[in-house]
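Comments concern the structure below.
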Amino acid sequence: MDRRRLVFFPLPLQGHQTPMLQLASILYSKGFSISIIHTNFNSPNPANYPDFTFHCIPDNLSESEASTEDLTLLLHNLNTNCVATFEAILSQLMSKFDVACLITDIIWYFTQAVADSFDLPRIVLRTNNPSSFMAFTYLPLFREKGYLSAQGTQLEEPVQELPPLKKKDIPRIYTRFPELNDEVTHKLMETTKAARGLVFNSFEELEGSSFTLVRQHFQIPVFAIGPFQKQVKASFSSLLVEDRSCIPWLSAQPPKSVLYVSFGSIAAIDETQFHEIAWGLAHSKQPFLWVIRPGLVRGLNGRAPLPNGFLEIVMGWSRIVGWAPQEEVLAHPAVGGFWTHCGWNSILESICQGVPMICLPFFGDQMNNARYVTDVWRVGLRFEKGLKREDIEKGVRSLMVLKEGKEMTQRVVVLQEKASLCIEKGGSSYQSLESLVAHILSF
Ligand code: UDX
């Protein structure tokens, strides 16, 4: 008998594409055929997924538009430019196959109307976690209450509606077009209400109360089926070339001695922050593996020049790469800590490997995520008062050698065990995945 087919449409950003392709692999293992529609911007490599069929649509982005510098503008342009071509390819797939449903990133809001026009159920994947999703959901309320214009000490005040957030943790996306921000957020929330299901790469034991809030607010079936990365053999979705030379280097380091430092695929820092980070790391005297990807320092497309004298100090006991095989790095016994920008994938990958964190959130969901890491799960620390080399040096030593860090490691190992158990037969994510499969088959 022919397998029923699922059509996936990932958002072309690293932190979104990876979990979507992982979800596709999980559902393939449950007996579905998989078609992936993708844009030519940041397109995945079909050779890594021989069991799937891939269909590229032109996104009509100009060279300057195909950039994450203004994320809001990029998301708006993608949702505007892809309508006709997406509709055409979906129609072709539906005429050829028994398509059970469409699964898109929640940010592809235009696809709800297309799915409705074909009478095709649409399920959405939210690639970050339910607590930050609620913070996005409450943005209009927060604006009405004036929280978004909080300044100075007001930023430290608690958000009564969503504890334990402080006003500084409310999602913020910096854009030249604030009105587009409201439009994108509003449209994605409204179209989510019309979707037939909402999937998260997280698990009940980690964020049970946030899942309850999402269910109350959206009134559609919500599936907590993460961590995805523990249910697939390996991820092959890196958009940049991984420098694997760091793996043999790690293998020559003592257990739990290395701090892994990476700020994900989009976050950008200024040159002053870059220098504070460099000197803080050097003065901490703890071995580190630092990912300095092209574009990490704002305005510089290539690799940023390191401060004078820095390499002479750290050479021999630390390593710098342009992009790392992150999951493998976090799983390496030499890694004892992760300094992260708090993108959701990075946090979940760290929890899955039992690695405590230092948080340096930049935008969007990252401040919310950092608050959960430090105050709810208590598996990391955060520089609450800016980014000064003395504080970095102290923070790195706290995490890597002091009692505080050891206690965080013990707590994150408990979460790691929960992350393993929930996907075992009878576990919460296992059961939720079974329900998702039954839900799709009922369409
Ligand atoms: C974005 C947003 O910034 C984030 O807040 C949101 O939760 C998801 O979308 P990104 O900034 O790229 O994602 O961060 P993250 O979610 O952590 O995803 C980065 C991915 O790239 C991870 O899967 C990580 O393993 C991978 N990575 C990162 C590498 O493979 N190598 C690296 O050197 C760095």
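Using only the heavy atoms of the protein chains and a 1.4 Å probe, how would Asp70, Asp243 rank by accessible area, largest first?
Asp243, Asp70
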- Query: Which of Ile103, Pro140, Asn81 sits closest to the plus end of the dipole of the range 71-196, meaning its Cα is farthest towards the positive end, when Lys and Arg get +1 and Asp and Glu get -1 on the C-beta?
  - Reply: Pro140
- Query: Once fully extended, how much extra length lies between Ala438 and Glu161, figured as 0.36 nm per residue of separation less the alpha-carbon to alpha-carbon distance?
  - Reply: 96.3 nm
- Message: Ranking request for peptides 308-315, 342-349, 186-193, 155-162: highest mean number of other beta-carbon atoms within 10 Å first, then the rest in descending order.
- Response: 342-349, 186-193, 155-162, 308-315
- For Phe54, enumerate residues with amide H under 5 Å from its amide H, sequence gap 5+ or separate chain, H modeled in the peptide plane. Ile36
- Task: For every other residue with a beta carbon closer than 13 angstrom to the beta carbon of Leu240, add +1 if it is Lys or Arg and -1 if Asp or Glu, then tell me the sum.
- Result: +1
- For Gly197, the residues 5 or more places away or on another chain with a placed amide H closer than 5 Å to its own amide H are Val124
- Would you look at the GNM of the chain, springs on alpha carbons closer than 10 Å, and say which of Leu141, Leu259, Leu73 moves the most? Leu141
- Where the centroid of each part is defined by its Cα atoms, how far is the range 392-439 from the range 312-357 in Å? 15 Å
- Item | Whole-angstrom gap from the range 244-269 to the range 123-143, using each part's C-alpha centre | 31 Å
- C-alpha long axis of helix 389-400 to longest principal axis of the chain, angle in °: 70 degrees
- Message: Given the whole protein assembly as supplied and a 1.4 Å probe, what does the accessible area of Glu271 come to in Å², nearest 10?
- Response: 100 Å²
- Message: Explain nothing, just the number: dipole magnitude of the chain about its Cα centre with +1 on each Lys and Arg Cβ and -1 on each Asp and Glu Cβ, in debye rounded to the nearest 20.
- Response: 860 debye
- Candidate residues Glu384, Glu276: accessible-area rank, largest first, probe 1.4 Å: Glu384, Glu276
- Item | Helix 83-96 vs. the chain, principal-axis angle (Cα, 0 to 90°, nearest 10) | 60 degrees
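To the nearest 20 debye, what charge dipole does the range 149-216 have about its Cα centre, counting +1 at the Cβ of each Lys and Arg and -1 at the Cβ of each Asp and Glu? Each step should come with its number before you reach the end.
Values: 9 positive and 11 negative charges, 38 e Å.
Using only the charged Cβ atoms, the result is roughly 180 debye.
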- Item | Carbon plus sulfur fraction of accessible area for the range 84-139, probe 1.4 Å, in percent | 52 percent
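What pairs from Lys167/Lys394; Lys285/Lys406; Lys166/Lys406; Lys30/Lys230 go past 22 Å between their alpha carbons?
From the list (Lys167/Lys394; Lys285/Lys406; Lys166/Lys406; Lys30/Lys230), the Cα-Cα distance tops 22 Å for Lys167/Lys394; Lys166/Lys406.
Residues of the chain: accessible area per residue at 1.4 Å, in Å²?
About 41 Å² of surface per residue is accessible.
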- Message: Using only DSSP helix segments of four residues or longer, with each worth -39500 (n - 2.57), what per-residue ellipticity at 222 nm results for the chain after dividing by its residue count and rounding to 500?
- Response: -12500 deg cm²/dmol
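State the percentage of accessible surface on the range 246-419 attributable to carbon and sulfur atoms; use a 1.4 Å probe and exclude ligands, DNA and RNA.
Within the range 246-419, the accessible surface is 53 percent carbon and sulfur.
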- By how many nm would the segment from Asp98 to Ser245 grow when fully extended, if each residue of separation counts as 0.36 nm and the alpha-carbon distance is taken off? 48.4 nm
- Item | Principal-axis tilt of helix 271-284 within the chain, Cα atoms, nearest 10 degrees | 60 degrees
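Sequence gap at least 6, Cα distance under 8 Å: using those rules, report the relative contact order of the range 329-443 to the nearest whole percent. Walk me through the numbers on the way to the answer.
Working: 140 pairs, mean separation 26.4, N = 115.
Averaging sequence separation for qualifying contacts and normalising by length gives 23 percent for the range 329-443.
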- Message: Let me spell out the model: positive unit charges on the Cβ of Lys and Arg, negative unit charges on the Cβ of Asp and Glu, origin at the Cα centre of the range 246-419. What dipole size does that give, in debye rounded to 20?
- Response: 240 debye
- Query: Under 5 Å between amide H atoms, partner at least 5 residues away or on a different chain: which partners does Ser33 have, H built in plane at 1.01 Å?
  - Reply: Arg4, Arg5, Leu6
- Let me have the relative contact order for the chain, percent, based on Cα pairs under 8 Å that are six or more residues apart. 16 percent
- Task: Name the residue farthest towards the positive end of the dipole of the chain from the options Tyr174, Leu289, Tyr49, assuming +1 on Cβ of Lys and Arg, -1 on Cβ of Asp and Glu, about the Cα centre.
- Result: Leu289
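The values are calculated or read from the model by the stated rules, or taken from the named source; none is laboratory data. This structure is a prediction, so every number in the text was calculated from the model and none was measured. Please note: Cβ atoms are built from the backbone with ideal geometry, for glycine as well, and neighbour counts cover all protein chains shown. Ligands, DNA and RNA are stripped out before the accessible areas are found, and what is left, the full protein with its side chains, is counted by its heavy atoms. Shrake-Rupley method; radii C 1.70, N 1.55, O 1.52, S 1.80 Å.
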